[in-house]
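The values are calculated or read from the model by the stated rules, or taken from the named source; none is laboratory data. Everything quoted here is computed from the prediction, not taken from an experiment. All Cβ positions, glycine included, derive from the backbone under ideal geometry; neighbour counts span all protein chains shown. Surface accessibility is based on the protein's heavy atoms, side chains included, excluding ligands, DNA and RNA. Shrake-Rupley method; radii C 1.70, N 1.55, O 1.52, S 1.80 Å.
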Amino acid sequence: MGNRPDYNHNHSSSKKKKKNQKKEKKEKINLKDHLNQVKILILGAGDSGKSTFLKQVQILYKNGFTNDDKSLFASSIRQNILEHMTELVQGVERFGIKLDDDNQEIAENLLENGSLIQGQIPSYLCDDLIRLWDDPGIKKVYTKRSELQIPENAGYYFDKIEEISQENYFPSDSDILNCRIPTVGVKVMNFEIEGIPWKIVDVGGQRSERRKWINQFSDVTLLLYVVSTSGYTQLLYEDENINRLKESFELYKKTIKSTHFKKKNCIILLNKIDLMKKKIKKKDLKICFPKYKGGCDFNKAIEYIENLYIKTGKNKKRKIFTIRTVGTNTPDIESVFRLVSLAIDDYVIKNRGKL
Ligand SMILES: Nc1nc2c(ncn2[C@@H]2O[C@H](COP(=O)(O)OP(=O)(O)OP(=O)(O)O)[C@@H](O)[C@H]2O)c(=O)[nH]1
Ligand SMILES: [Mg+2]
């Protein structure tokens with residue numbers, strides 16, 4: 001990736017869109033004259049990429065991660081490796097797949113005794129993990145990982161087990177961005193842009209976390225709703241009868257109706273399009289949205305999702321913007337910030353004198 005992603009709002013044709021963008025740019029105003037603070041609330045279902053967005057803000061606007069942050073992430077990354085390999089080994093049994101004879105014993109050992117020692121992967125465990133990852137049976141289970149709730153990015157770390165097991169391993173930004181730690185509670189990030197305090201609020205997206213959302217609904221300047229587009233082939237972690245993208249859409253429908261957001265602009269991040277692009281070649285979006293008729297065509301599929309979210313959310317008092325992103329790619333999130341600025345200007349212009 002690395003290209004500036006497309007963005008769109010309220011179904012404008014591309015000619016009209018360009019004209020609107022030009023007009024909106026001209027009307028750029030000094031936020032300081034109108035707002036005491038900017039509060040951005042990030043919502044979306046679990047695993048959609050909300051906290052990844054916050055990590056990108058840390059990289060872009062807060063000088064990146066400290067050494068203390070990196071040490072903490074190193075332990076989480078090692079824990080991710082161990083957990084996901086354990087899940088793969090459990091999958092071997094579930095799918096009735098055979099491992100190489102020697103590896104069978106290693107697998108059993110991992111299930112019984114595999115654990116980190118003071119946040120480190122001991123060298124014998126590192127060897128075992130590498131052998132398992134090299135086993136064709138494990139690779140076969142890995143291709144079925146969506147059925148096992150194993151994160152799509154797990155392979156990113158399995159390819160680096162040796163490096164990550166080094167005692168002095170310090171994760172790169174990319175390693176940190178790929179790490180999966182479900183959010184519990186509310187995380188707030190404060191920083192300043194052009195003399196105005198900005199507050200970005202990230203919440204946990206899993207069902208058990210959502211009752212805490214309402215406490216964050218007041219004084220919002222802009223809503224960001226993150227959608228994992230690749231979730232159309234996955235089932236919900238919390239309820240394996242529900243499709244993830246469907247859950248995201250139903251949640252959005254309910255959330256955007258809230259009176260708190262009636263006049264608030266909203267940016268929909270159509271996230272994980274890297275994964276969506278790969279999946280759509282083999283799996284039709286119809287499995288999630290039966291009315292979709294575009295087949296295995298990425299552009300048609302993404303436009304269908306885009307239009308669903310825009311149509312459901314738009315009203316006369318607010319705009320729904322969309323942007324396609326790979327959340328782990330920093331330039332994509334820089335582009336989101338250009339759109340954030342546009343959406344906030346638009347909000348301020350419409351509500352001038354009432355803020
Ligand atoms: N391939 C790919 N992975 C992504 C993308 N965005 C985020 N991820 C990964 O998806 C996983 C989940 O991201 P999080 O940011 O933790 O998701 P979340 O929405 O905060 O999840 P909760 O805290 O449970 O609500 C992480 O492992 C990220 O690295 C993307 O665009 N592409
Ligand atoms: Mg999170």
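Each residue in the range 162-196 was checked for being in contact with a strand residue (DSSP E or B) (Cβ under 7 Å, 6 or more places away or on another chain) and within 14 Å of ligand 2 (Cβ to nearest atom), and 5 pass.
A residue that is β-branched (Val, Ile, Thr), in contact with a helix residue (DSSP H, G or I) (Cβ under 7 Å, 6 or more places away or on another chain), farther than 18 Å from Ser51 by Cα and open to solvent by less than 10 Å² (accessible area, probe 1.4 Å) occurs somewhere in the range 264-287. Consider the range 54-70 and keep the residues that are surrounded by 15 or more Cβ atoms within 10 Å (Cβ to Cβ) and among the polar types (S, T, N, Q). The one that is farthest from Leu129 (Cα to Cα) is Gln58.
Annotation note: Cβ proximity below 8 Å between a residue of the range 66-94 that is under 17 Å from Asp127 (Cα atoms) and a residue that is open to solvent by 60 Å² or more (accessible area, probe 1.4 Å) and in a helix (DSSP H, G or I) (sequence gap 6+ or interchain) occurs for Thr86/Leu111; Val89/Leu111. For the range 208-224, check the following and say yes or no: at least one residue is within 20 Å of Lys55 (Cβ to Cβ), open to solvent by less than 20 Å² (accessible area, probe 1.4 Å) and more than 16 Å from ligand 1 (Cβ to nearest atom). Looking for residues that are within 20 Å of Lys55 (Cβ to Cβ), open to solvent by less than 20 Å² (accessible area, probe 1.4 Å) and more than 16 Å from ligand 1 (Cβ to nearest atom), one finds at least one in the range 208-224, hence yes.
Considering the conditions (1) over 21 Å from Ile267 (Cα atoms); (2) within 16 Å of ligand 1 (Cβ to nearest atom); (3) open to solvent by 60 Å² or more (accessible area, probe 1.4 Å), Ser172 is excluded by exactly one of them, (3).
When Glu147, Glu194 are screened for being out of contact with any Ser or Thr (no Cβ under 9 Å at 6 or more places or on another chain), farther than 23 Å from Asp47 by Cα and open to solvent by 30 Å² or more (accessible area, probe 1.4 Å), only Glu194 passes. When Lys199 is tested against (1) buried (at least 18 other Cβ atoms within 10 Å of the Cβ); (2) closer than 26 Å to Lys272 by Cα; (3) away from ligand 2 (no atom under 16 Å from the Cβ); (4) among the charged types (D, E, K, R), only condition (1) is not met. Annotation note: of Asn113, Asn153, the sole residue that is open to solvent by 50 Å² or more (accessible area, probe 1.4 Å), within 16 Å of ligand 1 (Cβ to nearest atom) and either under 30 Å from Ser335 (Cα atoms) or at pLDDT below 95 (or both) is Asn153.
Candidates in the range 202-231 are the residues that are assigned to a strand (DSSP E or B) and of a type in the set (A, V, I, L, M, F, W, C); of these, the one that is nearest to ligand 2 (Cβ to nearest atom) is Val203.
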